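Please treat every number below as a calculation from the coordinates, not as lab data. Just so it is clear, the structure is predicted and the values come from calculations on it, not from any experiment. Methodologically, a virtual Cβ is constructed for each residue, glycine included, from the backbone with ideal geometry; neighbour enumeration extends over all protein chains shown.
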Amino acid sequence: TGETRSSNSFLPKINIQRFDGEILSWPKFRDTYQSIVHSDNSLSDIQKFHYLISFIGGTAASVIKPFHLTAQNYALACKAQTDAYDDKRMLAAAYLNQLIDFSPLQGKPSVDGLKTFSTTISEAISSFKLLGIANEADYILFHLAIKRLDPDTRREFEIAHRSTDFPDVETLSTFVRNRYVAMQLTEGVSLPASSKSANPNAKDKAQMVSKPKASLLSKNNYKSGYNKSHVQGNTTHQSSRGPCVVCGCRHELPDCVKFANAPINQRHQWLKSWQGCKNCLLASHSTDLCTSKWHCKYCKYRHHSLLHYSEGSSQNTSSSNSSSLTPTPAPPNTGTPTSALSSTTSSEDMVILGTALAEIRDVHGRYRKIRMVLDSGSQSSFITLKCANKLGLPIKRIPRQISGIGETAFEGAKGIVGCTIKPLTDVGPLLTAQAIVISKITSHLPSL
């Protein structure tokens, strides 16, 4: 009894680092707790349970939260903690990520920088070796390879090989090969007639026209100089994408790069005897029957902006060409339900926005280096889906609609995340922001 009281009197003074669910802290916490508390036979199970609860927090506390504080549940709580965090595969991935994500030392060498490098790298390598992986080199190659896969394929692989502690490259290659073969075999399978009729929205989805993507850092024209002023969304007049009158490919005339890059006189010459619509450039109807509310951006007449003669350009004076493209005033709005997108690109000017390097906190509290695009005119902050997934940030639903120029609704938002950002070379100040998650911010961005 005296020994028990003596042991208990010293336990509160023992410095056991609190475990909050960070996988890299698990081995140290596990070994310390087991040697000091769990293996102490002088403590009862209910006492050990109290100590276990006092030494954990964060996501680790939620693991044992379902267990009531009783002596019988202590063993179950310990097993739940072990099942959740004592995973060699997760530990191996965490140690390798420490090496891969370690920021290179900048500038002249310093004592603090070299000490940090030595401590971080040496600890990660020694901890990785203690896992006892039979073929360390093969697993390292596997880890580097699987990080380059898309999230869905990675998830499917982990589910299929959950019982394998350390998969190898050959296993991954076989899985990927089988997956893309299965996708090739199933992508060309057409739906039966009964399935098509049972889904009334299938036709509308198949006839949707893709919209051009916006970019924070972009040219005012597409790579081909394509000026796309009309995207007709009225499913009543969608065609079956027959051969293009200009290049012969199976696409609509507004999607023809050759037509968009040609001089204005050449465009008129190509459409000299064409019977399609000169307003929306679709072959399914004539200009007189076009129900689109859109018209030329420059002169407001009923022809496409690609067919507009700008000031100073030499018009084709051919009588037959002029008669086929006679401007017609825009008709009044008839109330016909249509949807369209108008966007004009006319020059080679480049809009350049500033960028900056900073650090953002991930779900485990560690800071990762990122590059930010700075736009002083933006009312919202944005983050790519790839970056949010890599940081492990929880994505929430957006409580409001996002719109751009002309109140055009933006449908590409995946959700919203909370971000904490700090300068790259300092501990503060800390900036917090709610960032909207999108697939891609810009297509022209310098690498780190």
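Less than 5 angstrom separates the built amide H of TYR301 from those of CYS296, all sequence-distant by 5 or more or on a different chain. Net charge dipole, region 354-438: roughly 380 debye, given to the nearest 20, about the Cα centre with Cβ charges of +1 for Lys and Arg and -1 for Asp and Glu.
If R0 is 22 Å, what FRET efficiency do you get for LYS422 and ASN97 from their C-beta distance, rounded to 0.05?
Details: r = 20 Å, r/R0 = 0.93.
E between LYS422 and ASN97, to the nearest 0.05, is 0.60.
Calculated FRET efficiency, THR153 to SER286, Cβ-Cβ distance, R0 = 41 Å: about 0.30 to the nearest 0.05. List the residues of region 155-181 whose backbone N lies under 20 Å from a point placed 7 Å from the Cα of ASN135 along the Cα-to-Cβ direction. From region 155-181, the list is 157-158, 160-178.
Estimated at 0.36 nm per residue, the fully extended path between SER35 and VAL181 surpasses their Cα-Cα distance by 47.4 nm.
Available extension along the chain between HIS364 and ILE125 is 84.0 nm, counting 0.36 nm per residue and deducting the alpha carbon span.
Averaging the sequence gap over all C-alpha pairs within less than 8 Å and six or more residues apart, then dividing by the number of residues, gives region 73-186 a relative contact order of 27 percent.
Percent relative contact order of region 28-103, based on C-alpha pairs within less than 8 angstrom and at least six residues apart?
Numbers: 30 pairs, mean separation 18.4, N = 76.
This gives 24 percent for region 28-103.
With R₀ set to 56 Å, the beta-carbon distance separating GLN106 from SER273 gives a calculated FRET efficiency near 0.30. The calculated pair-distance distribution of region 354-438 uses every alpha carbon pair, bins of 10 angstrom beginning at 0, and gives 16, 49, 28, 6, 0 percent. Which values of log₁₀ I(q)/I(0), to two decimal places, follow from the Debye formula for region 72-164 at q = 0.13, 0.16, 0.21, 0.24 Å⁻¹ with a uniform point scatterer at every Cα? Rounded to two decimals, the profile gives -0.63, -0.85, -1.12, -1.25. Simple spin-label estimate for LYS88 and LEU431 gives 4.5 nm between the two label positions (7 Å along the Cα-to-Cβ direction from each Cα).
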